[in-house]
Amino acid sequence: MLRDFGNAYGLRSVIFRYFNVAGADPDAECGEFHDPETHLIPIILEVASGERSALTVFGEDYPTPDGTCIRDFVHVSDLVDAHILGLKWLEAGKGNRIFCLGSGKGFSVREVIERARRLTNRPIPVEIGPRRRGDAAKLVLGSARAAVELGWTPKRSSLELMISDAWLAYSSLEWPVANAE
């Protein structure tokens, strides 16, 4: 649709493709909350805080080093930087472009859990469940085009910063709970 509007009306656009956004504002002024929560790191933090009794790991027999899925995560602050660079791209009069935004590194579900245990200094009980239909063993996204053409590289997308920023925000704010009215 954007391509069609570009051809018909001269609209220029930048499209970003990314998944597994993690972390929070480094100043802990805002963070991530979904109802119901479905994202791995926030669920881990709910378990670490005692809001949930355990984390369900969906499958442990994937063809990965530890048997759990590997996923790429990108820090929300890095995405903010990319969006600013995308606006500058458009302001400079450059054409339509699609950019993938990822850290280029994957972390297994077990790695994320272990890192969260260490960073929160809390137990994170785990239950092993069956694989979910359609889950790929590994999903990692590169961002070479964004690096070359936008000058974007993720600066906060280390697992440590994503979890610690999310934990700080989660611990600092009064979060709505699923049953709140």
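Each reported figure results from applying straightforward, stated rules to the coordinates on display, with no laboratory input. Note that the structure is predicted; figures quoted are calculated from it, not measured. When we count neighbours, we look across all protein chains shown, and the Cβ atoms used for this are built from the backbone with ideal geometry, even at glycine.
Couple of notes before you dig in:
- Peptides 64-74, 5-15 ordered by average Cβ neighbours within 10 Å, highest first: 64-74, 5-15
- Over all pairs of different C-alpha atoms in the stretch 1-41, the reciprocal of the mean inverse distance, the Kirkwood hydrodynamic radius, equals 13.6 Å.
- Take every pair of alpha-carbon atoms less than 8 Å apart whose residues are at least six positions apart; their mean separation over the length of the chain yields a relative contact order of 35 percent.
- Cα-based reach from Lys94 at 28 Å (exclusive), listing lysines while leaving out same-chain residues under 8 positions away: Lys155
- Rounded tilt (10° steps) of 109-120 against the dominant C-alpha axis of the chain: 70
- Helix 76-91 and the longest principal axis of the Cα set of the chain meet at an angle near 10°.
- Taking 22 Å as the straight-line reach from the Cα of Lys138, the lysines in range (excluding those fewer than 8 positions away in the same chain) are Lys105.
- In the stretch 106-142, the trypsin sites (Lys or Arg not before Pro) that fall in loop regions by DSSP, at most 10 other Cβ within 10 Å: Arg132, Arg133
- Fraction of beta bridges assigned by DSSP in the stretch 19-171 that are antiparallel (%, nearest 5): 20
- Taking all Cα pairs closer than 8 Å and separated by 6 or more residues, the relative contact order of the stretch 1-106 comes to 40 percent.
- Here log10 I(q)/I(0) by the Debye sum over Cα atoms at q = 0.15, 0.20 Å⁻¹ was computed from the coordinates, and among [x] -1.01, -1.38; [y] -0.91, -1.70; [z] -0.93, -1.31 the match is [z].
- Estimated [θ] at 222 nm from DSSP helical runs (n ≥ 4, -39500 (n - 2.57)) normalised by residues in the chain, nearest 500: -10000 deg cm²/dmol
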